[in-house]
Amino acid sequence: MINSMTGFGRFEGLVNGRNITLEIKSVNHRYLEFSCRLTRGYSFLEEKIKSYISGVISRGKVDMFVSITEPEDTPAEVQINHNLAQGYVNALKELSEKYNVINNVSTVDIGRYPDVLTVNKAPEDEDVVWNDVKEALDSALKDFTSMRKDEGKRLKADILGRAKTIIKIVSEIEKRSPETVKEYQSRIKEKIEELLNSKEYDEQRVITEVAIFADKIAVDEETVRLRSHFEQLKTYLNDDKPVGRSIDFLIQEMNREANTIGSKVRDAELAQKVVRIKNEIEKIREQVQNIE
């Protein structure tokens, strides 16, 4: 079953005491393009996440946001920069004396000044952090994958519906085309006879030349190939592997056959049908841009 490249998934909750918020979203892109915003201090996770994602997603522009709050029981040590604190105290005392104002600064106020207090925490085990984040990521990916599959079903239904319309038009062309070839042969033969009037000419050669030229405007080979392409399209749409690029190439081949048919037909009715086919193929092509 095909997948869309559009998806969204989210996780928010506690994992082993660690508060994690994770969002993943994707849109269509020719290749896999991944970007991730992480809480400061956890940049080591980016490559791990990217590698993990590449095993799940083959195409699309993927954006991820990960917020991590460490467990409350994480050991921490607060260090005081006594020299800096003393400097602030002396400076404030000098201000108080020079400008005759009350010096009512408390220790809380001193502690708020930059770099007076520094919190040092024991380094976290990267493997433990990754396992917790991976658990959150797996949960978000469930919704993400489900959305991509649902959108894939909608794309498949739309494409198959348009393919059915095209095959119906192809059948109409196949039914009408032999008649137009005969009509064209007849018109050419009559015109040649009029031009030659009563002069002698090799009728058999004229018939042969007309037949050769008429063969050049026959479209049966192109319609057969077009049908074959649509059978291949159905196979791709039922494949479990990413097939977006393969279908994109197939659409190019369909367009080529449709253009060839359009250049051959000498009938206004058939020309209109070819235009309808090309319009439907273009709509399929637009949908295919969203398939992984």
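The values are calculated or read from the model by the stated rules, or taken from the named source; none is laboratory data. What you see is a predicted model, and the numbers here were worked out from it, not measured in a lab. Backbone-built Cβ (ideal geometry, glycine too); neighbour counts: all protein chains shown.
Observations, loosely collected:
- Of the residues making up segment 262-273, those that are hydrophobic (A, V, I, L, M, F, W, C) and either modelled with pLDDT of 90 or more or outside any helix (DSSP H, G or I) (or both) number 1.
- Residue within segment 63-70 that is surrounded by 14 or more Cβ atoms within 10 Å (Cβ to Cβ) and of a type in the set (S, T, N, Q) present: yes
- Each residue in segment 9-33 was checked for being in contact with a helix residue (DSSP H, G or I) (Cβ under 6 Å, 6 or more places away or on another chain) and either at pLDDT 95 or above or not assigned by TED's automatic domain parsing to the domain that holds Ser67 (or both), and 6 pass.
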